[in-house]
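One structure is given below, encoded as structure tokens.
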Amino acid sequence: MKSMDKQEVDLYLYERMLWEEGITYVAGVDEVGRGPLVGPVVVACVILPHDFYLEGLTDSKKLNEKKREMFYDYIMKQALSVSIAMKDNHIIDQVNIYEATKLAMYEAIEKSKIKPEHVLIDAMKLEKLDMPSTSIIKGDAKSVSIAAASVIAKVTRDHMMYELDQKYPQYGFRKHKGYPTKYHIEQLKAYGVLEEYRKTFHPVCDLILEKSSK
């Protein structure tokens, strides 16, 4: 293993503490897609081997697209377990984005081919897990397992946005990934609300209401 600088050593702190307690399988869980107006929220659950090392791994939002894709491939090959769950726009509209995210987190953990002995979660608390867990604020920059999960979730969702972009190129999904940028809102107003949009999110619901009142 390469020598690690202080920031990278800190990234392994939570995992090493748990490993030293005799806990073998530590899972990192993170989500992507709470803020966009369109598409699902995606959650990844990743269990890494104790000798895992990937130079430069951090919160996926801080990585460029090329590096995320490279890291995605490496994590998928090296991880002991990777499981992914998502809740689409219909579920999000039914239960709200926070609850939909929690449902996807529970599902991703349940789908893990190795049952975690401890779960590290980015920011959120999952009270109904049948194993211990730790909620870490900004965990994707503090835990190697959560950082790995953030990359898997981000690349998975981005690929879905690329597919949507091919289907509806006028909306620019490849560019903004569904987030409410000025350009996205302009295209949304120009071309209308697609089936994949979250109907309870502003300004989507405002446009629907505006159209129905005409």
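Readers should treat all values here as calculations from the given coordinates under stated rules, not as data from a laboratory. Just so you know, these numbers come straight off a predicted model, no measurement behind them. Cβ atoms come from the backbone with ideal geometry, glycine included; neighbour counts cover every protein chain shown.
Which whole-number percent gives the relative contact order of the chain, counting Cα pairs below 8 Å spaced six or more residues apart? With pairs under 8 Å counted, the relative contact order is 28 percent. Between the range 24-56 and the range 120-176, what is the separation of their alpha carbon centroids in Å? Cα centroid of the range 24-56 versus Cα centroid of the range 120-176: 6 Å apart.
A DSSP coil position with no more than 10 other Cβ atoms inside 10 Å describes the following GluC sites (Glu not before Pro) in the range 102-133: GLU127. Here the residues LYS154, LYS61, ranked from fewest to most Cβ neighbours within 10 Å of their Cβ, fall in the order LYS61, LYS154. Among the trypsin sites (Lys or Arg not before Pro) found in the range 84-129, those both in a DSSP coil and sparsely packed, with 16 or fewer other Cβ atoms within 10 Å of their Cβ, are LYS113, LYS125, LYS128.
Taking a sphere under 13 Å around the Cβ of LEU80 and counting the other residues whose Cβ falls inside, with K and R at +1 and D and E at -1, yields a net charge of 0.
Write out the GluC sites (Glu not before Pro) in the range 129-214 meeting two conditions: DSSP loop, and at most 16 other Cβ atoms within 10 Å of their Cβ. Listed in order of number, the matching sites are GLU195. Distance distribution P(r), the chain, all Cα-Cα pairs, bin width 10 angstrom from 0: 9, 34, 31, 18, 7, 1, 0 percent. How tilted is helix 144-167 with respect to the longest principal axis of the chain? Cα atoms for both, answer in degrees (0 to 90, nearest 10). Roughly 30 degrees, rounded to the nearest 10.
Among the listed pairs LYS111/LYS199; LYS66/LYS175; LYS61/LYS113, those with a Cα-Cα distance over 21 Å are LYS111/LYS199; LYS61/LYS113.
Computed from Cα positions, the angle between helix 97-111 and the longest principal axis of the chain comes to roughly 40 degrees. Since only GLY33, GLN166, VAL43 are under comparison, the one whose Cα sits farthest along the positive direction of the charge dipole of the chain, derived from C-beta charges on Lys, Arg, Asp and Glu, is GLN166.
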